[in-house]
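The values are calculated or read from the model by the stated rules, or taken from the named source; none is laboratory data. What you see is a predicted model; the values in this text were computed from it and never measured. Because the Cβ atoms are built from the backbone with ideal geometry, glycine has one as well, and the counts that use them run over all protein chains shown. Quick note on the areas: whole protein, heavy atoms, side chains included, nothing else; ligands and nucleic acids left out. Shrake-Rupley method; radii C 1.70, N 1.55, O 1.52, S 1.80 Å.
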Amino acid sequence: MCEAVTWEVSLTRLSEPLPQKVKMPPGYYIEWSGQYENQISARKRLELVIPLVLLVIFALLYRTYGSVKEAAHVLLAVPFALTGGVFLVKALGLNFSVAVWVGFIALFGTAVQTAVVMVIYLEEAVARRKAADGRLTRASLHAAVMEGALLRLRPKVMTVATVVAGLLPLMWSTRTGAEFMRPLAAPVLGGMVSSLLLVLIVTPVIFTWLRERELRRNETE
């Protein structure tokens, strides 16, 4: 018969695994409960939810563009946003709790959305340039990408500024519930800043590279 026994163990003794510190009689076992048990359960669910979220985002992008390359191109917003979020979480000394991962899930969707809008601006600029010149060359492609990126510059900066202005009060708040809202806001705040570099610099570069490959392929056919 198994029985539950409660011990008061000082934190200094937990430098080694507890089973090595406490000799258990036959039929007894050690099991953590309370807040730690809930955290482990939530972490297991997130291990399924986060890959599922990324898979759904990729599937929607593939259905939109009809190309694995285009979908992967836009999905690059996720690791760039993840970089800024992780950096800010570490800088603030926050643990990777459930609230932090929920913030990352919200960040993934926002980052992908801004990347999609940038690609739309670039495609519209390329279409206008092609209609004006009658054909698309590498020089006109570069000019169209520059035009589309500049058109997206101000809306993107305004979007990031709005998000930052909305989340900064949560970072400074000391009222009841701030200990839950701060870990939720930190990934979004850091990720939006790093995704700004992706959308304004990396996304146009990769877009240009993909379109140049299409031009070379059409020239050889």
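So is ALA106 buried (at least 22 other Cβ atoms within 10 Å of the Cβ) and in contact with a helix residue (DSSP H, G or I) (Cβ under 8 Å, 6 or more places away or on another chain) or not? Answer is no for this residue.
Take ARG138 and tell me if it is farther than 30 Å from ALA185 by Cα, open to solvent by 80 Å² or more (accessible area, probe 1.4 Å) and of a type outside the set (Phe, Trp, Tyr). Working first, answer last.
Numbers: farther than 30 Å from ALA185 by Cα: yes; open to solvent by 80 Å² or more (accessible area, probe 1.4 Å): yes; of a type outside the set (Phe, Trp, Tyr): yes.
Judged against the criteria, ARG138 is a match.
Take the range 59-106 and flag every residue that is assigned to a loop (DSSP other than H, G, I, E, B), over 21 Å from LEU167 (Cβ atoms) and among the hydrophobic types (A, V, I, L, M, F, W, C). Answer for the range 59-106, where residues must be assigned to a loop (DSSP other than H, G, I, E, B), over 21 Å from LEU167 (Cβ atoms) and among the hydrophobic types (A, V, I, L, M, F, W, C): just LEU76. Taking (1) of a type outside the set (D, E, K, R); (2) closer than 22 Å to ILE206 by Cβ; (3) in contact with a Gly (Cβ under 7 Å, 6 or more places away or on another chain) in turn, LEU88 satisfies each apart from (2). Could you check the range 151-171 and list, in sequence order, the residues that are open to solvent by less than 60 Å² (accessible area, probe 1.4 Å) and in contact (Cβ under 8 Å) with a residue 12 or more places away in the chain? ARG152, PRO155, LYS156, THR159, VAL160, VAL163, VAL164, LEU167, LEU168, LEU170, MET171, listed by residue number. Would you check if VAL199 is surrounded by 13 or more Cβ atoms within 10 Å (Cβ to Cβ) and more than 26 Å from LYS130 (Cβ to Cβ)? Criteria not met by VAL199.
Of the residues making up the range 45-85, those that are of a type in the set (A, V, I, L, M, F, W, C), under 15 Å from the mean Cα position of the chain (by Cα) and open to solvent by less than 50 Å² (accessible area, probe 1.4 Å) number 10.
Of all residue pairs spaced 6 or more apart or on separate chains, those with beta-carbon atoms under 9 Å, a first member in the range 131-142 that is without any contact (Cβ under 8 Å) to a residue 12 or more places away in the chain and a second member that is of a type outside the set (Ser, Thr, Tyr) and loosely packed, with under 12 Cβ neighbours inside 10 Å are SER140/ALA132. Sub-6 Å Cβ pairs linking a first residue in the range 107-128 that is in contact (Cβ under 8 Å) with a residue 24 or more places away in the chain to a second residue that is in a helix (DSSP H, G or I) and open to solvent by 40 Å² or more (accessible area, probe 1.4 Å), at least 6 apart or interchain, are TYR121/LEU151; ALA125/GLU147, ordered by first then second residue. Scanning the range 52-80 for residues that are of a type outside the set (A, V, I, L, M) and at pLDDT 85 or above yields PHE58, TYR62, ARG63.
Condition check: free of Cβ contacts under 8 Å to residues at least 24 places away in the same chain, assigned to a helix (DSSP H, G or I) and among the hydrophobic types (A, V, I, L, M, F, W, C). Does ALA185 satisfy that? If you could, list the steps in order and put the result at the bottom.
Numbers: free of Cβ contacts under 8 Å to residues at least 24 places away in the same chain: no; assigned to a helix (DSSP H, G or I): yes; among the hydrophobic types (A, V, I, L, M, F, W, C): yes.
Criteria not met by ALA185.
Total residues in the range 172-196 satisfying the condition of being hydroxyl-bearing (Ser, Thr, Tyr) and open to solvent by less than 10 Å² (accessible area, probe 1.4 Å): the figure is 1.
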